[in-house]
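Structure, as structure tokens:
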Amino acid sequence: MSCFRIFAFSLASCMCCSLIMAEKPVKDKKFQYKHEQIAIPEATADEPILKEFSLERADRYLEQGSIAWTKQRKCVSCHTNGLYLFSRPELTLEMGPPAVENRDFFITELRKLKAMDREKQLSGIRPTQVAYIAAGLAEWDQHVSKKVSPETDEALRFMLSLQSKDGSWGNTDCWPPFESSNFQGATVAARALSSAPGWLAGLKDQELQAGVDRLKEYLQKTEPAHDYGRLILLWTAARYPDLISAEKKRALIQMVREHQLADGGWSIRTFAAPEAWGKGNRAEKLRAEPEFDKSANSWKNLSSDGHQTGLAIIVLREIGVPANDPSIQKGIKWLLTHQRESGRWWTRSLNTDRWHFITYSGTFYPLLALKKCDVLPPLKQTTSR
């Protein structure tokens, strides 16, 4: 998600925080995140692998990355601080409470967005940004405060006011996987609504309830553009049991299994054809990668990545597949043996080979996957963030 600077593409205009990089050149490109004393090295495929798993290093990477992004870019971005509040509260038991400064920043941004005129609120990616803010606040309530706060209630009501007529939330179509479709935005909104403790059950406003019903209908009737979309539909169905039929659930679980690679993990690249992301503006980049076989029009010799391996396991576990399932166990083994020295897991960006911000979700997702399989040890109290 993004700070919303407008940048002209040949096919469409996209608003994206990542593009501030082009407007405000970073003097030292050897860092993925850098602000004052925080200096996280660039993400590369050849970063050495740790000899053993370290929750402490992952924690330091995630905390410092969110702080650096927030203080330098001053926006809620789905690939970094948006992902932080979306994911970090669930890890409170193992890693301690998330930093309250992140929640405070979300509330500040919520109020800024509410103060905009209606046209701006509905433009570009802003509706999905609000969905991420609402989801982050709702996750905080579920895992930290254990009750719905006035700020979360405010965010959810504002989020529903920005819903499109078809039941989705406005997004961009240029920066996959997070900023590439209204379908993605709708699944985030669904997560927000289901995470706030008791909020849906206590909803009495008929207009708001109509929005919730419209969202469910949209997700039921809209065919995802690719298997990645089907995966996040399955993830959403774990929160809404009546969203898909038992037959479709079984088919989607089998689809996830079929994407598993020989090394035991999953790769995001097998979940969509290069042209299927957004409006296809990443196709040229993806087709030029050495693992893409143009003659066969398919991927070959791919290695698994942290983002997709973590996400696949999360979804399988939440939809009811047991932790001792052979596919999940192979994925867990891959995760435990592929963490890099910085604490993150490598995932190559679908967009550019410059920043690889997807390694941020590619680190949160593995930790959540390990938690859901009961193999995540508590964080050592001596960790320095």
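The values are calculated or read from the model by the stated rules, or taken from the named source; none is laboratory data. As the structure is a computational prediction, the values presented were derived from the model and not from experiment. Note that each Cβ is placed from the backbone with ideal geometry, even for glycine, and that neighbours are counted across all protein chains shown. Only protein heavy atoms, including side chains, enter the accessible area calculation; ligands, DNA and RNA are left aside. Shrake-Rupley method; radii C 1.70, N 1.55, O 1.52, S 1.80 Å.
Using a 1.4 Å probe, what is the accessible area per residue for the range 158-266, in Å²?
41
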So Leu93 and Lys204, fully extended at 0.36 nm per residue minus their Cα-Cα distance, gain in nm 36.7 nm
Just to verify a number: FRET efficiency for Glu289 and Arg257, C-beta to C-beta distance, R0 = 25 Å, to 0.05? 0.50
Under a point-charge model restricted to the Cβ atoms of Lys and Arg (+1) and Asp and Glu (-1), what is the dipole moment magnitude of the range 71-139 relative to its Cα centre, in debye to the nearest 20? 380
In a Gaussian network model over the chain where Cα atoms closer than 10 Å are linked, find which of Arg269, Arg344, Arg111 has the largest mean-square fluctuation. Arg111
So if I place +1 on the C-beta of Lys and Arg and -1 on the C-beta of Asp and Glu, and nothing else carries charge, what would the dipole magnitude of the range 219-289 be about its Cα centre? I want it in debye, nearest 20. 160
So for the range 134-259, averaging the separation of alpha carbon pairs under 8 Å that are six or more residues apart and normalising by length, what relative contact order in percent results? 25
Whole number in Å², please: accessible area per residue of the range 61-140, 1.4 Å probe, ligands, DNA and RNA not counted. 31
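Placing unit charges on C-beta atoms (Lys and Arg positive, Asp and Glu negative, everything else neutral), compute the dipole magnitude of the chain about its Cα centre in debye, rounded to 20.
360
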Using a/c under 1.5 as the rounded threshold, could you call the range 311-385 rounded, prolate or oblate? The axes a ≥ b ≥ c are square roots of the C-alpha gyration tensor eigenvalues, and prolate needs a/b larger than b/c, oblate otherwise. oblate
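For the chain, which whole-number percentage of the solvent-accessible area (1.4 Å probe, protein heavy atoms only) is attributable to carbon and sulfur atoms?
51
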Mean separation of Cα contacts under 8 Å, 6 or more apart, over the residue count of the range 232-385: relative contact order %: 24
Under a Gaussian network model of the chain whose springs join Cα atoms within less than 10 Å, the largest fluctuation of Gly343, Gly96, Gly310 belongs to Gly96
Charge tally for neighbours of Asn301 with beta carbon under 12 Å away, counting Lys, Arg as +1 and Asp, Glu as -1, is -2
